[in-house]
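The values are calculated or read from the model by the stated rules, or taken from the named source; none is laboratory data. Remember, it's a predicted structure, so these values are computed and weren't measured experimentally. Cβ placement follows ideal geometry from the backbone for every residue including glycine, while neighbour counts extend to all protein chains displayed.
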């Protein structure tokens, strides 16, 4: 769902950029006040996992693929404010290094996938009873429902931006974007629920809500293990991802917009998710994916560390519900 350059006019780019900046500023302010220091490494883990998961396109239908966006996954584990920051870090990396999404459309992509998706997901989670103290079956249902709604809402926002830019008429782009993402959203819902179920079985403390107590040592251990999983996805699974175009790319082809996007594409060091040097295309993809996972982890971890509030000494609040564990 990454909008490329060439499809949005200047007005839409400016407005969505302002909305994205406002959403990000609000999320950063909340994290600065409430992010527990022990959860700082988990933001790096979330960014690395989301980046790796977005490499794994799965076939949907009629030559179209989809991939996990991950906004609700991060929302369930770390809260909506953390999801905004994590998704923004991933989208910045994808745009600047991998040419996934255009530079002029960066504000729109952040607004759609880092503000709208986690925001809608958080609302649906609450309405569906997906609280951390709810029974696991109820939380998984709420998670799947929220993930589906987050994809559909982001797709509608994208359709609105294309229509407002005059790129395609609303009567054509709305049904095209919505219909394919109704199906892609089912994949997002299933994958998100399965990942949360797996985490609940192995590390139940992570799915009890972002305010659940977590020691710094435990946070670092979980982040390391999760980073290894993300690297494994990039190294061993990403090379087998579907090569079919994703939902937005398929819509662009159907509506004749693909040439405009191709003509406006800007260069990036790892465009096409490949790095120059390795002899085989598979090796080039693997190295680029692993590099992206590492950069995503470090970027989000450093940002979260800079934002973490200065708490009293660990002896006073290591396991207690101090100000750093404020509910979101």
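When the stretch 157-177 is filtered for residues that are in contact (Cβ under 8 Å) with a residue 12 or more places away in the chain and surrounded by fewer than 17 Cβ atoms within 10 Å (Cβ to Cβ), the ones remaining, listed by number, are 164, 166, 172.
How many residues, within the stretch 281-321, are modelled with pLDDT of 80 or more, within 14 Å of residue 43 (Cβ to Cβ) and over 17 Å from the mean Cα position of the chain (by Cα)? Number of matching residues: 2. Among the residues of the stretch 80-89, is there at least one that is free of Cβ contacts under 8 Å to residues at least 40 places away in the same chain and out of contact with any helix residue (DSSP H, G or I) (no Cβ under 8 Å at 6 or more places or on another chain)? Within the stretch 80-89 (the criterion being free of Cβ contacts under 8 Å to residues at least 40 places away in the same chain and out of contact with any helix residue (DSSP H, G or I) (no Cβ under 8 Å at 6 or more places or on another chain)), the answer is no, since none of the residues qualifies.
Check whether at least one residue in the stretch 159-175 is closer than 30 Å to residue 302 by Cβ, in contact with a helix residue (DSSP H, G or I) (Cβ under 8 Å, 6 or more places away or on another chain) and at pLDDT 95 or above, and report yes or no. Taking every residue of the stretch 159-175 in turn, none turns out to be closer than 30 Å to residue 302 by Cβ, in contact with a helix residue (DSSP H, G or I) (Cβ under 8 Å, 6 or more places away or on another chain) and at pLDDT 95 or above. Of all residues in the stretch 192-223, which are at pLDDT below 75 and either within 16 Å of residue 47 (Cβ to Cβ) or touching a strand residue (DSSP E or B) at 6+ places or on another chain (Cβ under 9 Å) (or both)? Of everything in the stretch 192-223, those that are at pLDDT below 75 and either within 16 Å of residue 47 (Cβ to Cβ) or touching a strand residue (DSSP E or B) at 6+ places or on another chain (Cβ under 9 Å) (or both) turn out to be 210, 219, 220, 222, 223.
Conditions (1) outside any helix (DSSP H, G or I); (2) in contact with a strand residue (DSSP E or B) (Cβ under 7 Å, 6 or more places away or on another chain), marked per residue:
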residue	(1), (2)
5	yes, no
15	no, no
21	no, no
31	no, no
45	no, no
48	no, no
60	yes, yes
73	no, no
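A Cβ distance below 7 Å, combined with a sequence gap of six or more or placement on separate chains, defines the contacts here; from the stretch 35-58, residues that are farther than 18 Å from residue 188 by Cα reach residues that are surrounded by fewer than 24 Cβ atoms within 10 Å (Cβ to Cβ) and modelled with pLDDT of 85 or more in the pairs 44/298. Candidates are the residues of the stretch 129-158 that are out of contact with any helix residue (DSSP H, G or I) (no Cβ under 6 Å at 6 or more places or on another chain) and not in a helix (DSSP H, G or I); the one that is modelled with the lowest pLDDT is 132.
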